[in-house]
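Presented below is the structure to which this report refers.
Every number here is computed from the coordinates shown, using simple stated rules; none is lab data. Remember, predicted model here, so these are calculated numbers, not experimental data. So basically every Cβ, Gly included, is an ideal-geometry build from the backbone, and we count neighbours across all protein chains shown.
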Amino acid sequence: MSYLNKEQRREIILQAAECVALSEGLQAMTVRRIAGEAGIATGQVHHHFASSSALKAEVFLRISDQALARHNVAENTAENANWRERLHDALGSQESAVDPYLALWREAQLEAGRDPVMREAYIQSMAMWHQRVVAVIHQGIAAGGFTTRQTPESIAWRLISLSCGMDGLYVLGVGGIDDATFYQHLEQVITLELG
């Protein structure tokens with residue numbers, strides 16, 4: 001292997017860790033597994049990251065950012081999508097239950113309860129999600145697709161809370177929540193909040 005500078009080697013580690021996280025989950029992100037995926041010695045992983053938690057947190061935030069960027073691209077290419085569809089997309093109600101991003105998000109939520117570093121990353125990812133939903137609401141209001149007397153920021157938190165709560169019911173198989181009812185319940189609340 002040719003010589004790689006510090007930033008290049010760090011990037012290789014992050015890419016390998018992303019691959020492991022998306023295909024096998026956060027629990028599979030051991031230093032040994034990531035080093036194997038990257039084709040480097042485990043000491044290199046330790047050299048670039050203070051802890052496995054720090055690596056998991058950084059990878060989770062990168063993947064969250066990629067997921068949000070993916071929604072931006074989809075929105076920008078879907079010019080025929082109305083503002084409700086765009087908001088549903090930003091809230092994840094049009095995602096498949098097997099989406100690797102969604103599976104990782106669920107796992108990160110559990111990790112956040114056990115690991116303070118992951119907790120901070122999870123909080124940061126929620127703030128990123130909130131910003132995305134707020135942006136869609138603002139754009140929808142400006143385009144005449146939504147009307148409201150409430151602030152988009154507070155509406156976004158309520159919609160995110162509903163989405164997260166219904167996802168929990170979905171995972172547990174409680175209340176008959178499937179893809180169609182998830183979408184339907186969210187649509188009813190969007191109508192109440194945004195006309």
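About its Cα centre, how strong a charge dipole does the stretch 52-194 have in debye, to the nearest 20, once Lys and Arg get +1 and Asp and Glu get -1 at the Cβ? Spell out each step's value before the answer.
Working: 11 positive and 18 negative charges, 62 e Å.
Around 300 debye, computed over the stretch 52-194.
Relative to the longest principal axis of the Cα atoms of the chain, the long axis of helix 116-142 makes an angle of roughly 40 degrees. Calculated mean residue ellipticity, 222 nm, the chain: -25000 deg cm²/dmol, from DSSP H runs (n ≥ 4) at -39500 (n - 2.57) each, averaged per residue and rounded to 500. Multiplying the residue separation of His138 and Arg32 by 0.36 nm and removing their Cα-Cα distance gives an extension gain of 33.7 nm. Among Arg132, Arg62, Arg114, the largest mean-square fluctuation in a Gaussian network model of the chain, built with springs joining Cα atoms closer than 10 Å, belongs to Arg114.
Remark: relative contact order (the chain) = 20 percent; criterion is Cα-Cα distance under 8 angstrom and separation of 6 or more residues. The simple spin-label model puts a point 7 Å past each Cα toward its Cβ; for Ala41 and Arg158 those points are separated by 5.8 nm. Mean-square fluctuations from a GNM of the chain, with a 10 angstrom spring cutoff on Cα atoms, peak among Val136, Val31, Val174 at Val174.
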